[in-house]
Amino acid sequence: MNVSASWAKAAVARVWPRCRSWAWSITRGRSNPDASNLAAPIYERSLRTSYAACVVRRSGSSFSIGTQLIDVVRAHRKVSKSEAAALAIEKLKLVGIPAPESRMRAYPWELSGGQRQRVAIAMALLLGPKLIIADEPTTALDVSIQAQIVDLLISLKNELDFSLIFVSHDLGVIQTVANRVMVMYAGRMMESGGVGSLFRDPAHPYTAALLASAPTLKTNRGLPLQAIEGRLPSPGNLPPGCIFAPRCHYAQDDCLVRQPPLAPIGGNGRQVACIHPLLAPPAEAGVR
């Protein structure tokens, strides 16, 4: 897989709270806040934790777990230190941290990678956000711990009824977590749609190449994995036309002229930014 594209996906997730319009939730349809201008400074601080919160990857700090959690609560709510500590302990219990009272005095380097990620999830839950952005929360964790973190997020989403945007390069995780998928390349959306139809019938050549490069139980171990030829373009020197055209096996002359906009394809809310998609557009569906 082309893991070098992480800067684009992570950057989009991190600047999202400053956008004027909200992206849809990958797991619960669209999410639209009441605020009419989310870019205004008056909304920024409260929005990032009270309406939306982020679970970061490889979280760590030089402060104790308790200090970090208490500071988040008291920065946004007029409560005493003891009240903030009680809320923090409650959230640590919720995410499965054993002996949360004693863990409040621990430092990040005293916890395992899985425990640190659980603490990051607890921090995101502190103020009851309606949307959580998980920025590759399973990165650098072993497979069994990855499964635990994914299961925890799905369980909490169902229990607490929040929306979840899950940023990841792991296609297997995406299939497990998401209802809708947005495929990005070099900061641009290439394709979006329901997880079932998109994985079954990719419309964009980049999506198809990603799926082909991911090993499955049916992959022939005697053959090399398929790779996407070429290199990701520099964000300061993007090619003219479709940004994926230099690496695309289906590219034609008109692909080098303009970047195609997102357009409906195949029905069911599918969209693709490709002049020559692998699926027929709605008007031609069933003809090809």
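The values are calculated or read from the model by the stated rules, or taken from the named source; none is laboratory data. This is a predicted model, so every value here is computed, not measured. Don't worry about glycine lacking a Cβ; one is built from the backbone with ideal geometry, like all the others, and counts go over all protein chains shown. Quick note on the areas: whole protein, heavy atoms, side chains included, nothing else; ligands and nucleic acids left out. Shrake-Rupley method; radii C 1.70, N 1.55, O 1.52, S 1.80 Å.
Taking a cut-off of 16 Å between Cα atoms, list the aspartates and glutamates near LYS81, but don't count ones fewer than 8 places away on the same chain.
Qualifying aspartates and glutamates at Cα under 16 Å: ASP71, GLU90, GLU101.
Of ARG188, ARG105, ARG258, which has the most accessible area and how do the rest follow, probe 1.4 Å? Could the numbers behind the result be given before it?
Working: ARG188 90, ARG105 170, ARG258 125 Å².
From most accessible down to least: ARG105, ARG258, ARG188.
For the range 111-184, what is the accessible area per residue in Å², given a 1.4 Å probe and the full set of protein chains?
Working: 2650 Å² over 74 residues.
On a per-residue basis, 36 Å².
Heavy atoms of the protein only, probe of 1.4 Å, neighbouring chains included. What is the accessible area of LEU256 in Å², nearest 10?
Looks like 90 Å² after rounding.
The range 204-259 to the range 167-184: how many Å between their Cα centroids?
18 Å
Going by accessible area, probe 1.4 Å, with all protein chains left in place, what is the ranking of SER80, SER213, largest first? Don't skip to the answer; put the middle values down first.
Details: SER80 50, SER213 5 Å².
Result of the area sort, largest leading: SER80, SER213.
Give me the accessible area of VAL195, 1.4 Å probe, in Å² rounded to the nearest 10.
Approximately 30 Å² of VAL195 is accessible to the 1.4 Å probe.
Quickly work out the LYS130-to-HIS249 label distance, labels modelled 7 Å from Cα along the C-beta direction, and quote it in nm with one decimal.
Those two pseudo-labels are separated by 4.5 nm.
With a 1.4 Å probe and all protein chains kept in place, how do ASP135, ASP142 rank by accessible area, largest first? Please report the intermediate quantities before stating the final value.
Working: ASP135 0, ASP142 85 Å².
Sorted by accessible area, descending: ASP142, ASP135.
Could you compute how much accessible surface HIS249 exposes when probed at 1.4 Å, giving the result in Å² to the nearest 10?
150 Å²
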